[in-house]
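Scroll down for the structure; my scribbles are underneath it.
The values are calculated or read from the model by the stated rules, or taken from the named source; none is laboratory data. Since the structure is predicted, the reported quantities are computational estimates derived from the model, not experimental observations. Note: ideal-geometry Cβ built from the backbone for every residue, glycine included; neighbour counts use all protein chains shown. These accessible areas exclude ligands, DNA and RNA; they are computed on the full protein's heavy atoms, side chains included. Shrake-Rupley method; radii C 1.70, N 1.55, O 1.52, S 1.80 Å.
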Amino acid sequence: STYFRGWWNSQQLTTDEAVSRGDAQAGLPDFHFQSWTATNSYLAIIHARILYNIAVSNEFIRNATDTGFPAVDQYRAEARFWRAFYYWHAMDMFGTSPFVTEEHTPGAFFPEKATRAELFSYVESELKAMEGDLGLPGFQYGRVDKAAAWMLLAKIYLNAELYIGESRYDEVITEINKITATDAYTLADE
């Protein structure tokens, strides 16, 4: 999808793991040569997609509230995971982000921007709050489960010094240990 392609471009082409050909579309070589600016169309695309996916997640969550169906409650928790995931990308890649949840009525208003620290706090609290409503690790291929929430917590804790100015390495180990303690996911032998 456009989202994951844009995210991959911004994460991989800015390292020595991938190289953009010299005749590639305008903007991609800028990533490789560390010369992108705010006018880079690929950055604009990923930023717009982050905000769009947050809006779609919010709309699902808003409409899947109090349905009385346990399966919908689980889907709602999965949508909350994805919204936290998108806010993590906004926090990681852009530092700040317009902030809206299902509580904000859609319409013509300019949302307040959340700081990186506010986004960190929100993502962390959302992941912890929805964990109980997610499926057990490995319950169904392709679905968000508790282990996905633990892994995303580990990722934000790993970079907590950048996000909030404090070390959270002990929490990284705690979350990873939860994942490896399950039979659903294992580390590769090599």
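What the table shows:
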item: Simple Cβ-charge dipole of the stretch 15-76, Lys/Arg +1 and Asp/Glu -1, about Cα centre, in debye nearest 20; result: 160
item: Exposure of ASP92 as accessible area (Å², to 10), given a probe of 1.4 Å and all protein chains; result: 50
item: Whole-Hz ³J(HN,Hα) from phi, Karplus 6.51 cos²θ - 1.76 cosθ + 1.60, for the stretch 58-71, glycine and proline x; result: 4, 5, 5, 4, 4, 8, 9, 9, 6, 8, x, 10, x, 4
item: Net length gained if the chain between VAL56 and GLN12 were fully extended (0.36 nm per residue, minus Cα distance); result: 13.2 nm
item: Placed amide H near TRP36: partners under 5 Å, 5+ positions off or other chain; result: none
item: At most 16 other Cβ within 10 Å, DSSP loop - GluC sites (Glu not before Pro), the stretch 101-169; result: GLU103, GLU112, GLU166
item: Other-chain or far-sequence residues with amide H under 5 Å of GLY27's (modelled H); result: none
item: Three-way shape label, the stretch 1-56, alpha-carbon gyration tensor, a/c 1.5; result: prolate
item: Nearest-20 debye value, the chain charge dipole, Cβ charges on Lys, Arg, Asp, Glu; result: 500
item: Under 5 Å, built H, 5+ apart or other chain: amide partners of SER97; result: ALA114
item: Heavy-atom accessible area ranking, 1.4 Å probe, most first, across TYR75, TYR87; result: TYR75, TYR87
item: For the stretch 9-69: relative contact order, % (alpha-carbon pairs under 8 angstrom, 6 or more apart); result: 25
item: Area of MET151 that stays accessible when all protein chains are in place (1.4 Å probe, Å², to 10); result: 80
item: Per-residue [θ]222 nm for the chain (sum of -39500 (n - 2.57) over DSSP H runs n ≥ 4, rounded to 500); result: -18500 deg cm²/dmol
item: Within straight-line cross-link reach of LYS113, aspartates and glutamates at Cα separation under 17 Å, skipping those fewer than 8 residues along the same chain; result: ASP92, GLU102, GLU103
item: Kirkwood hydrodynamic radius of the chain, from inverse mean 1/r over distinct Cα pairs, in Å; result: 18.1
item: Most to least accessible of TYR157, TYR42 (protein chains only, probe 1.4 Å); result: TYR42, TYR157
item: Solvent-accessible area of SER125 with every protein chain in place, 1.4 Å probe, in Å² to the nearest 10; result: 60
